[in-house]
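This report refers to the structure that appears directly beneath it.
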Amino acid sequence: MSRPRILVINPNSNPAVTRGLEDALKPLGFEGGPELVCQTLAEGPFGIESQADVDGVAMPLRRLVEGDNSSAAFVIACYSDPGLQVCREGTDRPVFGIAECGVLTAMARAETFGVIAIAQRSIPRHMRYLRQMGLTERLAGERPLNMSVAETASGEGTLAKMIEIGRALRDEDGARAIVMGCAGMARHRRPLEDALGIAVIDPTQAAVTMALGTVQFSNH
């Protein structure tokens with residue numbers, strides 16, 4: 001019998017981000033468990049950094065999900081959760097958005113959480129989403145790196161900047177857990193958590209963990 005597959009979709013076209021996701025998800029693979037497959041959306045922009053980028057990938061994501069007859073679950077690996085609802089309309093299999101899962105995981109770890117955004121202009125978009133979910137009261141604050149998605153994935157000095165922002169969220173804003181607000185930050189989770197001494201949530205790991213539980217229990 002073939003293993004069930006969880007498809008993790010990077011909605012931007014930067015393969016370095018996809019490789020970072022693959023590395024971050026390796027600890028979640030186990031013998032006999034679901035296969036974790038990361039895929040780059042070729043039609044996506046190099047980085048999803050605006051509302052136009054978010055809106056532009058929604059239908060390509062839906063077509064990908066609708067045309068996939070092999071995967072047991074899907075994860076949309078972008079912190080804006082682009083196309084999440086329209087993809088859920090397009091399949092009867094579970095679709096997870098990393099922002100939704102990352103925030104829910106943070107709230108399970110701490111009373112208040114902070115978010116490290118890639119840029120200042122991302123924050124209003126994230127705030128709209130939190131208001132829709134009714135979760136703004138648990139948000140201690142959100143602060144930007146003011147870097148591109150590509151820079152967070154492979155740029156020099158990214159971790160040092162994330163530590164600086166994380167300390168401000170912890171010490172000035174009162175965050176007791178930190179959510180990394182971009183899939184491209186995946187490789188920095190462990191060293192950031194070590195530096196801050198509080199829980200740091202990689203939202204893609206959070207979403208895939210939820211997908212693993214869903215798929216495992218549906219197959220047993």
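The values are calculated or read from the model by the stated rules, or taken from the named source; none is laboratory data. What you see is a predicted model, and the numbers here were worked out from it, not measured in a lab. For neighbour counting, all protein chains shown are included, and Cβ atoms are generated from backbone atoms with ideal geometry for every residue, glycine included. Accessible surface is based on the protein model in full, side chains and every heavy atom, while ligands, DNA and RNA are left aside. Shrake-Rupley method; radii C 1.70, N 1.55, O 1.52, S 1.80 Å.
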Task: Solvent exposure of segment 120-182 as accessible area per residue, Å², 1.4 Å probe - done: 49
Open item on the list: Let me check something: with ligands and nucleic acids excluded, how do Met59, Met133 order by accessible area (1.4 Å probe), largest to smallest?
Closed with: Met59, Met133
Task: In Å, descending, principal axis extents of the Cα set of segment 1-78 - done: 41, 26, 15
Open item on the list: Suppose we look only past 21 Å in the calculated P(r) of segment 91-220. What percent of the Cα-Cα pairs does that tail hold?
Closed with: 37
Task: Principal-axis tilt of helix 15-25 within the chain, Cα atoms, nearest 10 degrees - done: 90
TODO: Would you mind calculating the relative contact order of segment 78-220 from Cα pairs under 8 angstrom and at least 6 residues apart, reporting the percent as a whole number?
DONE: 30
Open item on the list: If R₀ is 41 angstrom, what is the calculated FRET efficiency for the pair Arg176 and Ala52, using the beta carbon separation as r and rounding to 0.05?
Closed with: 0.75
Task: Where Lys161, Lys26 fall by accessible area, highest first, once all protein chains stay in place (1.4 Å) - done: Lys26, Lys161
Open item on the list: Using square roots of five times the C-alpha gyration tensor eigenvalues, list the equivalent-ellipsoid semi-axes of segment 110-150 in whole Å, biggest first.
Closed with: 20, 12, 7
TODO: Round to a whole angstrom and tell me the spacing of the C-alpha centers of segment 160-220 and segment 48-122.
DONE: 15
Task: Whole-number Å³ per residue for the convex hull built on Cα positions in the chain - done: 114
Open item on the list: Using Cα springs under 10 Å in a Gaussian network model of the chain, which residue among Arg125, Arg187, Arg170 shows the largest mean-square fluctuation?
Closed with: Arg125
Open item on the list: Could you sort Tyr79, Tyr129 by their accessible area in this structure, using a 1.4 Å probe and putting the largest first?
Closed with: Tyr129, Tyr79
TODO: Could you work out the local net charge near Cys87, counting Lys and Arg as +1, Asp and Glu as -1, over the other residues with Cβ closer than 11 Å to its Cβ?
DONE: 0
Task: the chain: angle of helix 203-218 to the longest principal axis, Cα-based, in degrees nearest 10 - done: 30
Open item on the list: How are the alpha carbon pair distances in segment 153-220 distributed across 5 Å bins from zero to the largest one, expressed in percent?
Closed with: 4, 17, 24, 20, 14, 9, 7, 4, 2, 0
TODO: Would you tally the net charge around Pro203, using a Cβ to Cβ cut-off of less than 11 Å, leaving Pro203 out, and scoring K and R as +1, D and E as -1?
DONE: -2
- [ ] List, in order, the whole-Hz ³J(HN,Hα) value for each residue of segment 27-39 obtained from phi through the Karplus relation with A = 6.51, B = -1.76, C = 1.60 and θ = phi - 60°; use x for Gly and Pro.
- [x] x, 8, x, 8, 4, x, x, x, 7, 9, 10, 9, 9
